[in-house]
Amino acid sequence: MSWCLGEPLELPPGNVVYLALGSNLGDQRAHLADAVARLAPDVAVERVSSLYETEPAYLLDQPRFLNAALRGRTALSPAELLGLLKRIERELGRAAGPRFGPRVIDLDILLYGDQATETEVLTIPHPRMAERPFVLVPLAEIAPDLVPPGWRTSVGELARSVRGHGDVLVRKGALSDAEPED
């Protein structure tokens, strides 16, 4: 059985994928939940990490992010999956802006099965995930023992030591939780 905002889904045949999700504009939690819901039926979401409030990376003069990671299963090719993620970003209102700048939603393919792929528009494993706490900490929550293709250490081991590009400030609960009071 699979998770999608509390509703079970049948798992399609296909590849295990890990995706990163982030938002730092508007109702961040709602944007993330909407993005996860829109993955169906093409991606059966098996597990979603907690949400983490994180510092922005690279371009620091912007609001903090909410970030998460998920594990899913899909029959889409990597290129088709990228197309789906870009479509969801557009539907949720993502507009062109500065690289690493503020965004309503950001969806990235971190891993696609055990594939290592590089094209003009897509690199798997994600080329900067090893330097990003905002990716590694949520990913380590759902797959601590995972060793991505080309890596010599697990996601969990690296998540314990990486600092500097989008540091994690606090765990904000599950995606399905009501917004916690501060």
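Here, each number is a calculation from the coordinates, and none is a lab measurement. Note that the structure is a prediction, hence the values are computed from the model and not measured. Methodologically, a virtual Cβ is constructed for each residue, glycine included, from the backbone with ideal geometry; neighbour enumeration extends over all protein chains shown.
Summary of values
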quantity: Gained length - ARG87 relative to THR119, 0.36 nm times residue gap less alpha-carbon distance; calculated: 9.6 nm
quantity: Highest-first arrangement of 76-82, 31-37, 117-123, where packing means the average Cβ count within 10 Å; calculated: 31-37, 76-82, 117-123
quantity: Principal axis box of the range 2-173, alpha-carbon based, largest edge first, Å; calculated: 42, 37, 35
quantity: Label-to-label distance, nm, for residues given as VAL16 and GLU131 (7 Å Cα→Cβ offset); calculated: 2.8
